Amino acid sequence: MKVRKAVIPAAGLGTRLLPETKTVPKEMLPIVDKPAVQYVVEEAVKSGIEDILILTNRSKAVMEDYFDYHPELENKLRASGRNEDADLIRRVADMANITFMRQKETLGLGHAVLCAKEFAGNEPFAVLLGDDIMAGEKPVTLQLVEAAEKYGCSAVGARHVALDQIGKYCTLRYEPVEDEEKIFRILEAIEKPGPDQILSDFAILGRYVFTPRIFEILADQKPGYGGEIQLTDAIARLAKKEKVLAVDFEGRRFDTGSVTGYLETVLEYALHSPKCSAWLREYILKKAKELS
Ligand code: G1P
């Protein structure tokens with residue numbers, strides 16, 4: 001089994017970042033000097049993905065423009081000797097074979113993934129949520145691809161989260177797999193659990209690798225939490241039919257889709273960016289003195 005394709009659902013309405021996200025997709029907000037979605041595409045590419053489908057909606061056409069060539073700007077940059085910048089904007093469009101599809105209605109993450117059925121065909125594929133950025137040595141998607149390829153089944157990224165936060169995610173019941181320390185088998189999964197539904201503090205976070213069997217399940221998946229077709233509900237059903245792994249991945253997750261999550265992401269990346277880390281450190285220290 002070889003994972004070559006990835007789907008990036010990016011059709012959400014971004015209601016935690018209004019009014020900004022009324023017209024600017026949350027996936028296009030800058031994290032220092034690149035839009036959030038570019039970090040996600042880069043993770044996919046570093047994980048061996050060649051073909052990427054980005055699911056958008058009618059107010060996100062700017063994402064398609066971003067991953068296209070821009071000859072007019074390129075020519076202008078080259079004419080004024082700014083070849084490095086010209087190369088930089090061209091590389092964005094050449095990173096992978098990226099196609100787009102519009103999810104005409106926002107019916108849930110499960111519905112978004114089902115939209116990718118033809119794109120995936122009969123191959124396993126990865127799913128990377130467009131507003132979750134993962135930082136770390138080894139790409140999280142690659143960690144899942146390796147587990148999925150080793151065991152020949154679906155594998156999702158999971159982490160232990162604070163129990164008072166689990167209601168924002170999903171909750172898993174799971175059991176160990178052979179002599180693995182970081183890989184578990186999912187037995188049950190509940191999306192956005194209420195206090196009396198919590199199975200554990202282990203939650204799926206932002207990254208998935210599926211066998212095409214998930215489409216059979218999604219095709220008749222009934223709406224779940226919030227009246228939406230939930231991917232987690234389909235994972236729970238798939239796990240009853242075949243092995244689905246939860247990989248306790250290494251790396252830090254940034255949720256760029258909320259005001260504080262976005263600011264945290266920008267600050268962390270800015271503190272590591274050669275363009276601005278020295279300036280930002282100095283500014284933070286000055287500010288901290290003023291505030292203390
Ligand atoms: C989605 C998934 C949820 C997951 C979360 C974080 O929820 O449905 O299972 O834990 O992403 O990756 P959302 O943040 O879209 O509400």
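Only one entry in Leu218, Leu231 is away from the ligand (no atom under 13 Å from the Cβ), in contact (Cβ under 8 Å) with a residue 60 or more places away in the chain and not aromatic (Phe, Trp, Tyr), namely Leu218. If you go through the range 91-146 and keep only what is more than 18 Å from Tyr208 (Cβ to Cβ) and of a type in the set (Ser, Thr, Tyr), you end up with Thr99, Thr106. Filtering the range 89-105 to residues that are surrounded by 13 or more Cβ atoms within 10 Å (Cβ to Cβ) and not basic (Lys, Arg) leaves Ile89, Val92, Ala93, Met95, Ala96, Ile98, Phe100, Met101, Gln103.
Restricting attention to helices (runs of 4 or more DSSP H) lying wholly within the range 1-102, give those where 2 or more residues are touching a Cys at 6+ places or on another chain (Cβ under 7 Å). Let's see the steps before the verdict.
Values: elements: 36-46, 61-66, 71-79, 83-94.
It comes to none.
For the range 57-88, a residue qualifies if it is free of Cβ contacts under 8 Å to residues at least 12 places away in the same chain, open to solvent by 60 Å² or more (accessible area, probe 1.4 Å) and over 18 Å from Glu42 (Cβ atoms), and the qualifying residues are Asp65, Pro71, Glu72, Asn75, Lys76, Arg78, Ala79, Ser80, Arg82, Asn83, Glu84. The lone criterion from (1) open to solvent by 60 Å² or more (accessible area, probe 1.4 Å); (2) free of Cβ contacts under 8 Å to residues at least 24 places away in the same chain; (3) closer than 25 Å to Gly136 by Cα; (4) within 16 Å of the ligand (Cβ to nearest atom) left unmet by Pro176 is number (4). When Thr260 is tested against (1) hydroxyl-bearing (Ser, Thr, Tyr); (2) free of Cβ contacts under 8 Å to residues at least 40 places away in the same chain; (3) within 13 Å of the ligand (Cβ to nearest atom), just one condition goes unmet, and that condition is (3). Residues that are within 16 Å of Met134 (Cα to Cα), open to solvent by less than 50 Å² (accessible area, probe 1.4 Å) and of a type in the set (D, E, K, R) within the range 35-56 comprise Glu42, Glu43, listed in sequence order. The set of residues from the range 269-292 being out of contact with any strand residue (DSSP E or B) (no Cβ under 7 Å at 6 or more places or on another chain), touching a residue at least 24 places away in the same chain (Cβ under 8 Å) and open to solvent by less than 80 Å² (accessible area, probe 1.4 Å) comprises Ala270, Ser273, Cys276.
Of the residues Ile284, Ile229, Ile235, Ile217, which single one is at pLDDT 95 or above, touching a Pro at 6+ places or on another chain (Cβ under 6 Å) and not polar (S, T, N, Q)? Give the derivation first.
Details: Ile284 fails: touching a Pro at 6+ places or on another chain (Cβ under 6 Å); Ile235 fails: touching a Pro at 6+ places or on another chain (Cβ under 6 Å); Ile217 fails: touching a Pro at 6+ places or on another chain (Cβ under 6 Å).
Exactly one of Ile284, Ile229, Ile235, Ile217 is at pLDDT 95 or above, touching a Pro at 6+ places or on another chain (Cβ under 6 Å) and not polar (S, T, N, Q), namely Ile229.
Where strands (runs of 3 or more DSSP E) fall entirely within the range 108-171, none has at least 3 residues that are open to solvent by 20 Å² or more (accessible area, probe 1.4 Å).
When the range 146-166 is filtered for residues that are more than 21 Å from Arg237 (Cα to Cα) and not acidic (Asp, Glu), the ones remaining, listed by number, are Lys150, His160, Val161, Ala162, Leu163, Gln165. Looking across the range 180-196, the residues that are within 13 Å of the ligand (Cβ to nearest atom) and not in a strand (DSSP E or B) come down to Lys192, Pro193.
The values are calculated or read from the model by the stated rules, or taken from the named source; none is laboratory data. Note that the coordinates shown come from a computational prediction; the quantities given were computed from them, not determined experimentally. Cβ: placed from backbone, ideal geometry, glycine included. Neighbour counts: every protein chain shown. Each accessible area value is taken on the protein alone, full model and side chains, heavy atoms only, with ligands, DNA and RNA left out. Shrake-Rupley method; radii C 1.70, N 1.55, O 1.52, S 1.80 Å.
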